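Trainee: Please find one structure pasted underneath; my questions will follow.
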Amino acid sequence: MKQPYVFNIQKYSIHDGQGIRTTFFFKGCPLSCQWCHNPESQRGGIELMFYHERCVGCGSCVLACPQHANVLGDGRVNMNRSVCTACGSCVDVCLPNARELVGRAYTVDELAREAEKDQMFYEESGGGVTLSGGEVMVQDMDYIEEFCRRLYRKGYSVNIDTCGYAPYENFQRLAPYVDTFLYDIKLMDPEEHKRFVGTDNQLILENLIRLSADGARLNIRIPTVNGVNATEKFMQDVIDFLLDNHIRVTAVNLLPYHNTGKSKYANLDRTYADEMLRVPDQEQMERFQTMFINNGFVNTKIGG
């Protein structure tokens, strides 16, 4: 059983399912959405966040790095990520906290104990635990199944937030323990999906059809981005797909794009595609919401 890396444990979460929840964010995702607000979730291993604006150019990290990945010049540190192993030596000596390791391996016991700390909130609010990412469904399934089984035996509601791009047998393994799948639909056209997300959407849509046919409880979540999919045509295509394939939907969440994760790209020395990504206005969102409601999806909300 391989321990996956978790990069965040979010307490008192109210946007990842019903009630107050504890959300565990796992590292590693098969997609690369251009608007992803957690770019540190995309790669599976430990990564180093470098907060450039905090760096005072003291050079401590240069001396500490066994790989010689840091170079001091003109009063600032430049980092060669191609040789960085994320060993953490520079983090330990960085007094202004300009460096941070992202990702930690947990045993199933450790994660279960973290979930148990919030049991009182689950009981009072009808909440539970949500597994998110990255992508939960591409982690080590022996590990994830054992974790879900532990949560289920405790009587906790378990939600899984998924992009759907994983072998269907993984969903089958977890289905007995999962209350709700929070299932993303990002684009309907396979070429557009590949352009903005990195893969086509055939497997995603096939898995959604099979999950519905197998009786899974499904919340459809649609990240809505001007410049990508914030159009009436796309929304109608989603509605037609859901109706034509008799997808049984508990709720639809229209999630307006935001750029709050933009700074993280700079901290990982990656480029953010914000020149084509724009926030939809409230009028647009309400129009899309009305489209879903008018087509029978009465539990359609703007936001999580």
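The values are calculated or read from the model by the stated rules, or taken from the named source; none is laboratory data. The model shown is predicted, which means the values in this text are computed figures rather than measured ones. Positions of Cβ are generated from backbone atoms using ideal geometry, with glycine treated the same way; all protein chains shown enter the neighbour counts.
Trainee: Search the stretch 123-133 for residues being at pLDDT below 95 and in contact with a Ser or Thr (Cβ under 8 Å, 6 or more places away or on another chain), and hand back the single one that is surrounded by the fewest Cβ atoms within 10 Å (Cβ to Cβ).
Mentor: Gly126
Trainee: If you go through the stretch 92-107 one residue at a time, do you hit one that is under 30 Å from Gly155 (Cα atoms), in contact with a helix residue (DSSP H, G or I) (Cβ under 7 Å, 6 or more places away or on another chain), crowded, with 17+ Cβ neighbours inside 10 Å and β-branched (Val, Ile, Thr)?
Mentor: No, the stretch 92-107 has no match at all.
Here is a yes/no grid of residues against (1) modelled with pLDDT under 95; (2) surrounded by fewer than 17 Cβ atoms within 10 Å (Cβ to Cβ):
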{"position": "Thr231", "(1), (2)": "no, yes"}
{"position": "Leu242", "(1), (2)": "no, no"}
{"position": "Arg270", "(1), (2)": "yes, yes"}
{"position": "Met276", "(1), (2)": "yes, yes"}
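Trainee: I want to confirm something. Restricting to the stretch 1-57 and keeping residues that are under 21 Å from Asp92 (Cβ atoms) and small (Gly, Ala, Ser), which single residue is surrounded by the most Cβ atoms within 10 Å (Cβ to Cβ)?
Mentor: Gly57
Trainee: Return a yes/no flag: does the stretch 14-21 have any residue that is within 28 Å of Tyr106 (Cα to Cα), outside any loop (DSSP other than H, G, I, E, B) and within 15 Å of the chain's Cα centre (by Cα).
Mentor: no
Trainee: Please go through the stretch 37-54 and pick out each residue that is in a loop (DSSP other than H, G, I, E, B) and under 25 Å from Ala69 (Cβ atoms).
Mentor: Asn38, Gln42, Arg43, Gly44, Gly45, Ile46, Tyr51
Trainee: In this structure, is Leu101 under 22 Å from Tyr272 (Cβ atoms), among the hydrophobic types (A, V, I, L, M, F, W, C), touching a Lys or Arg at 6+ places or on another chain (Cβ under 8 Å) and not in a loop (DSSP other than H, G, I, E, B)?
Mentor: no
Trainee: Same structure again: Among the residues of the stretch 114-151, write down those that are part of a helix (DSSP H, G or I) and of a type in the set (A, V, I, L, M, F, W, C). Walk me through how you get there before you give the answer.
Mentor: Let us first name the residues in the stretch 114-151 that are part of a helix (DSSP H, G or I), namely 114-116, 119-125, 136-138, 141-151.
Across the stretch 114-151, the qualifying residues are Ala115, Met120, Phe121, Val136, Met137, Val138, Met141, Ile144, Phe147, Cys148, Leu151.
Trainee: Sticking with this structure for a sec: Considering only helices (runs of 4 or more DSSP H) fully contained in the stretch 152-265, which possess at least 3 residues that are free of Cβ contacts under 8 Å to residues at least 24 places away in the same chain?
Mentor: Details: elements: 168-174, 190-197, 202-213, 232-244.
Hits in the stretch 152-265: 190-197, 232-244.
Trainee: Still on this structure: Keeping to the stretch 8-25, report how many residues are in contact with a Leu (Cβ under 7 Å, 6 or more places away or on another chain) and over 23 Å from Ile302 (Cβ atoms).
Mentor: Qualifying residue count, the stretch 8-25: 1.
Trainee: Within the stretch 111-152, how many residues turn out to be among the β-branched types (Val, Ile, Thr) and under 15 Å from Tyr5 (Cα atoms)?
Mentor: Number of matching residues: 3.
Trainee: Among residues belonging to the stretch 144-197 that are among the hydroxyl-bearing types (Ser, Thr, Tyr) and in contact with a helix residue (DSSP H, G or I) (Cβ under 8 Å, 6 or more places away or on another chain), point out the one that is surrounded by the most Cβ atoms within 10 Å (Cβ to Cβ).
Mentor: The extreme case among them is Thr162.
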